[in-house]
Structure formats: structure tokens, C-alpha cells
Amino acid sequence: MHPLPRSFYDRDTETVARAMLGMLLAHRVEGRLRIGRIVETEAYLGPHDLAAHSAKGLTKRTSIMFGPPGHAYVYLIYGMHWCMNVVTQAEGHASAVLLRAVEPVKNIEGRTQGPALLCKAMGIDGRLNGHDLLSDSLYLCRPRASGDPFSIVKRPRIGVDYAGHWARRLLRFYIRGNPFVSKP
DNA sequence: CTCCGGATTCGT
DNA sequence: CGAATCCGGAGT
């Protein structure tokens, strides 16, 4: 298994969010490789996207989003839950894709249907903020077998009602019929 | 410095 | 539907 190349992330964010479906997320914890298959994502397009954290501009918190593609942006929400994104497009673009659900593949305990649940189940927390995804401890990779073909459902993003018309954009993607999607 | 509210989840 | 529980960002 080797990580997807930097060029995978250095593309249009919506394209990356769709391409990530079916890919594997791997995290090595104490010598054990935890693997989940990505089944649900959301695209956050940049500072002009009022639902994106980068809409606040370049701050200490958003600096990872403004950085180069292929890095993890991990943040704490509601004082208790970690959520993970992958940074997309060129440095300075400040776009990212949120991982919303994975299907357990290997060494995973607990539920994975939701951005915070998948982080908990895979042992992902703030220590991984800024981590390069071209590494051997946290990365995305192509599955060995491509698996059954699937179609992609497009829906409005979850929990961003404050973002005006951006809340209605169809920037949430998931594998049709997959039982591990957070809110089918 | 204080205040507000959040890319969520769980229990009532 | 409301609590949990911390901190980033905005305002004073």
C-alpha cells in the first residue's frame, strides 16, 4: 500500500471529494494499521465559501487549510469531537474535503458513521493536524481491488445552515446505498 | 478581557 | 430537543 500522490489532492476540490469515495484511509497506531473505506465526504471550497473555516481568513486555526495540498486539517468541534479534512488545491487556495464516514476494513472498533465517530474509531485527534498524507502513518491509498462499481449521491452539506445560499450547494457526496453513510 | 456559538453526538 | 465542554474569533 502506498499513499496517493500529491497530485491527487492538487485538483478541483469537488473532483477530489468525489474521487476520495471508495479510497482507503489508513492510520498506524502502536504498530497496528487501522483501515477504513471512505464512503462519504464534503467539499469546502475556500474563503469565498461561507461554510468553510477559511472564510474567517488566514488565522492560526485555518493556516493548515491555506497550506499545500495533501495534508490533514484536524480540528476540535463542540469542545469534544475531532474532525478530519484533507487539504486540496494549490497552497493559498484554502480548500479542503471533510471525511464524514468510512466503512470499517481492518482493526476498527466502534461506529464510523459521522465525522467525529470515524476519527474516534481510527484514533485520529489534534496531534495529527498538519500531518503530511504522503507518509507511512496516516495516508489515503487506492484499494487493492476496485470493488463493485457505485454511483454517487449529491446532497447539501450537513450542519452549515448559517452559511446562507452556500448551505444549499450540493457539496456532500456519498456512495449510494452504503450502510455506513452517516445520514442517508 | 468577555462573549458567542460551533463542518457533532447522545440521551431524554 | 437540550446538554456536553472547549476554544477560536470577534468585539470592547
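Worth pointing out:
- Residue ID - nearest to the chain's Cα centre (by Cα), chosen from residues in segment A:85-95 that are closer than 21 Å to A:Ile35 by Cα and within 16 Å of DNA strand C (Cβ to nearest atom): A:Asn85
- Looking across segment A:28-57, the residues that are closer than 30 Å to A:Glu109 by Cα, touching a residue at least 24 places away in the same chain (Cβ under 8 Å) and either out of contact with any helix residue (DSSP H, G or I) (no Cβ under 9 Å at 6 or more places or on another chain) or among the acidic types (Asp, Glu) (or both) come down to A:Arg28, A:Arg32, A:Leu33, A:Arg37, A:Val39, A:Glu40, A:Glu42.
- First in segment A:157-170 and at negative phi, second anywhere and among the acidic types (Asp, Glu) and more than 16 Å from DNA strand C (Cβ to nearest atom), Cβ under 7 Å, 6 or more apart: A:Arg157/A:Glu42
- For the residues A:Leu170, A:Leu134, A:Leu140, the requirement of being away from DNA strand C (no atom under 16 Å from the Cβ), buried (at least 19 other Cβ atoms within 10 Å of the Cβ) and under 18 Å from the mean Cα position of the chain (by Cα) singles out A:Leu140.
- Contact map, segment A:59-85: first residue on the phi > 0 side of the Ramachandran plot and more than 8 Å from DNA strand B (Cβ to nearest atom), second residue at pLDDT 95 or above and in a loop (DSSP other than H, G, I, E, B), Cβ cut-off under 9 Å, separation 6 or more or different chains; pairs are A:Gly70/A:Pro3; A:Gly70/A:Leu4; A:Gly70/A:Pro5; A:Gly70/A:Asp10; A:Gly70/A:Leu133; A:Gly70/A:Leu134.
- Among the residues making up segment A:27-73, those that are of a type outside the set (Phe, Trp, Tyr), within 17 Å of A:Leu133 (Cα to Cα) and within 12 Å of DNA strand C (Cβ to nearest atom) are A:Ser63, A:Ile64, A:Met65.
The values are calculated or read from the model by the stated rules, or taken from the named source; none is laboratory data. What you see is a predicted model; the values in this text were computed from it and never measured. Glycine gets a Cβ as well: all are built from the backbone with ideal geometry, and neighbour counts include every protein chain shown.
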